[in-house]
Structure formats: C-alpha cells, structure tokens
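Here is the structure we will look at, set down as structure tokens.
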Amino acid sequence: MISQPSRHCTVELQALPSRIRQVRRIVSAQLRYWRLDPLIDQAALGVTELLTNVHRHAEPDKVCTVEIELLLDRLTVSVHDHDPRLPQIRDAEPFATCGRGLAMIAAVSESWGVSPRGDAGKVVWFTLPVVSPAPAVPVYPVYRTVAKTPARSAVVG
C-alpha cells in the first residue's frame, strides 16, 4: 500500500553559473513546499555539484534536465546531460579548488550513481532518506493539586 503519492519536479536548463543558482533556489523552494526542510542543504549542495560538473565538463552542450522525485521514504535528485562520458571520483590535492564534487555527494547522500544513456548522454543521481517526523504529542492540560491544610480550630478556654 502506498501511504504517500509520488511527487515529481523537473527543470530543463543550460548549466551556466547564474542558472545553477536559480535551480538551487527552485529545489530548495520545492522541498520546502513538500515539507522536507531537513533535506534542503544536502539536496542544494548535491544539485549544485552535479550542475557544476555539467558546466565544466559536458560536451557537446550544457543543456541538461534536473529532476527531483519523492517516492515514499526516498528523495532522488538527478541530472541528465547529453555527454556520454561517465564521471569518476578523483583524489583531489589538499589545496585544489575543484575535483571533490562527487566525493561530497557520496558523503552527504544515502547512495549515488550514474546511468549511461548511450548516445543520449547519462544521468547522474543521488538519494536522500526522508525521515518521517515524529508524531505530534498531544498537549494535555497539567492539573496541579494543592494540598489543603486542615483548618485550625481555636480552642477557647
């Protein structure tokens, strides 16, 4: 039984720096709308890294599609580009300014991978687990009992 329907969002763009910032904001807004605020930072970092890879490495063009999909307890973020060359995790030098994108995605995600599409390019994706919020605990009124002290009787003598 599916307790929650799937949710899906797709954005097609040319992976230019200004567009990457816009898509990061779109992804963040969509996750807020889906009430997945705890995943915003990880998803925004991951989509930024994937789009930066398209911007730096993809040939023959920088056109790509970003897709985010929520299905039950998994959020999948993917980027499809037209370059059939597959990305690889590299060992970046300690002071290098690039080369750590896939390693960062691997570090912050539950899983990631690449799906080759032949001459149509590839899809690079990562998943994030959706943690169900704890059920709200009903607030019950607190009743305080006040100990009554026995009345003192006055003894008249």
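The values are calculated or read from the model by the stated rules, or taken from the named source; none is laboratory data. It should be emphasised that the depicted structure is a prediction, and the values quoted were computed from it without experimental measurement. Methodologically, a virtual Cβ is constructed for each residue, glycine included, from the backbone with ideal geometry; neighbour enumeration extends over all protein chains shown. Side chains are part of the model used for accessible areas, which takes the heavy atoms of the whole protein and leaves out ligands, DNA and RNA. Shrake-Rupley method; radii C 1.70, N 1.55, O 1.52, S 1.80 Å.
Observations, loosely collected:
- Spin-label model, Ala120/Gln14: points 7 Å from Cα along the beta carbon direction are separated by 2.4 nm.
- Pairs of Cα atoms farther than 23 Å apart, the stretch 28-119, %: 27
- At R0 = 25 Å, FRET efficiency that the Cβ-Cβ distance of Val131 and Arg21 yields, to 0.05: 0.35
- Solvent-accessible surface of the stretch 35-79, averaged per residue with a 1.4 angstrom probe and all protein chains in place: 46 square angstrom.
- Förster radius 35 Å - calculated FRET efficiency between Gln88 and Arg32 (Cβ-Cβ, nearest 0.05): 0.55
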